[in-house]
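The values are calculated or read from the model by the stated rules, or taken from the named source; none is laboratory data. All of these numbers come straight from a predicted model, not from anything done at the bench. Backbone-built Cβ (ideal geometry, glycine too); neighbour counts: all protein chains shown. Each accessible area value is taken on the protein alone, full model and side chains, heavy atoms only, with ligands, DNA and RNA left out. Shrake-Rupley method; radii C 1.70, N 1.55, O 1.52, S 1.80 Å.
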Amino acid sequence: AQSVTQPDARVTVSEGASLQLRCKYSYFGTPYLFWYVQYPRQGLQLLLKYYPGDPVVQGVNGFEAEFSKSNSSFHLRKASVHWSDWAVYFCAVRTGGNNKLTFGQGTVLSVIP
Amino acid sequence: NAGVIQTPRHKVTGKGQEATLWCEPISGHSAVFWYRQTIVQGLEFLTYFRNQAPIDDSGMPKERFSAQMPNQSHSTLKIQSTQPQDSAVYLCASSCNSGNTLYFGEGSRLIVV
């Protein structure tokens, strides 16, 4: 079955440190992959998306992600975390035509000064 | 562009009562999606419409839940005889024909007491 797993429920990093949030997918074929962020009491906002092509994709606010077919992964990275990045991050895979998405369980990112 | 608009933002309803949630998609978007978000289950797909027609309701509970899209400017999600387990944030999203991005509203938080 097509699915996404985010193995880390919570990640804590110091402000200014680098960040990696992990995402593993299960998909038959070439996946379309997404990272969304959810700030408190808000809806989901798109950070970046991967379509077949360059495996490293750039997103907003300095985020990037790298697609790996061999590892079935799509990890999110940021070189230097800011306190405003404190949020929940969701990885998703398109599981149908018409843009239907299946989401991972989310990773809560906490940023400490 | 006002984004996806969801009303009400918060709703408290008594057990057994009916709850109706509204979604106004981004103007010109042809697809509307409904998701439910809870701490335990995460983001669950419920249903979606394209050009007002129901396409996939595989995530909708078989009883008490129904969704409609009477015109291209709004969709409704109705829950009859609400139960405490229906308490969740209900998220609506829209996308356009040619794009692969879902744009989410801020959600409607339903609390059933």
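When you look at A:Val56, is it within 30 Å of B:Pro8 (Cβ to Cβ), β-branched (Val, Ile, Thr) and open to solvent by 40 Å² or more (accessible area, probe 1.4 Å), yes or no? Answer is no for this residue. Selection of the range A:86-101 for residues being open to solvent by 10 Å² or more (accessible area, probe 1.4 Å), modelled with pLDDT under 95 and not in a loop (DSSP other than H, G, I, E, B) yields A:Arg94, A:Gly97, A:Asn98.
Conditions (1) within 26 Å of B:Ile55 (Cβ to Cβ); (2) touching a helix residue (DSSP H, G or I) at 6+ places or on another chain (Cβ under 8 Å); (3) of a type in the set (D, E, K, R), marked per residue:
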position: A:Gln6; (1), (2), (3): no, no, no
position: A:Arg10; (1), (2), (3): no, no, yes
position: A:Val13; (1), (2), (3): no, no, no
position: A:Tyr36; (1), (2), (3): yes, no, no
position: A:Tyr51; (1), (2), (3): yes, no, no
position: A:Lys69; (1), (2), (3): no, no, yes
position: A:Ala92; (1), (2), (3): yes, no, no
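A residue that is charged (D, E, K, R) and at the interface with chain A (Cβ under 10 Å from one of its Cβ atoms) can be found somewhere in the range B:9-21.
Can you confirm whether the range B:30-51 contains a residue that is over 24 Å from A:Ala9 (Cβ atoms), within 14 Å of chain A (Cβ to nearest Cβ), small (Gly, Ala, Ser) and in contact (Cβ under 8 Å) with a residue 60 or more places away in the chain?
We begin by selecting, within the range B:30-51, every residue over 24 Å from A:Ala9 (Cβ atoms); these are B:30-34, B:47-51.
Then drop every residue that is not within 14 Å of chain A (Cβ to nearest Cβ), which leaves B:30-34, B:47-51.
Those left that are additionally small (Gly, Ala, Ser): B:30-31.
The next check asks that each one be in contact (Cβ under 8 Å) with a residue 60 or more places away in the chain; those that pass are B:30-31.
Yes, some residue in the range B:30-51 is over 24 Å from A:Ala9 (Cβ atoms), within 14 Å of chain A (Cβ to nearest Cβ), small (Gly, Ala, Ser) and in contact (Cβ under 8 Å) with a residue 60 or more places away in the chain.
Within the range B:31-41, the residues that satisfy the criterion of being surrounded by fewer than 17 Cβ atoms within 10 Å (Cβ to Cβ) and either under 15 Å from the mean Cα position of the chain (by Cα) or of a type in the set (A, V, I, L, M) (or both) are B:Thr38, B:Ile39, B:Val40. The number of residues in the range A:43-85 that are assigned to a strand (DSSP E or B), within 14 Å of another protein chain (Cβ to nearest Cβ) and among the hydroxyl-bearing types (Ser, Thr, Tyr) comes to 1.
Is it the case that some residue within the range B:3-25 is open to solvent by 30 Å² or more (accessible area, probe 1.4 Å), under 20 Å from A:Leu46 (Cα atoms) and at pLDDT 95 or above? Yes: one or more hits. Scanning the range B:53-87 for residues that are within 14 Å of chain A (Cβ to nearest Cβ) and either over 30 Å from A:Tyr50 (Cβ atoms) or of a type in the set (Gly, Ala, Ser) (or both) gives B:Ala53, B:Ser58, B:Gly59.
For the range B:64-104, a tally of residues being more than 16 Å from B:Tyr48 (Cα to Cα), open to solvent by 40 Å² or more (accessible area, probe 1.4 Å) and under 10 Å from the mean Cα position of the chain (by Cα) returns 0.
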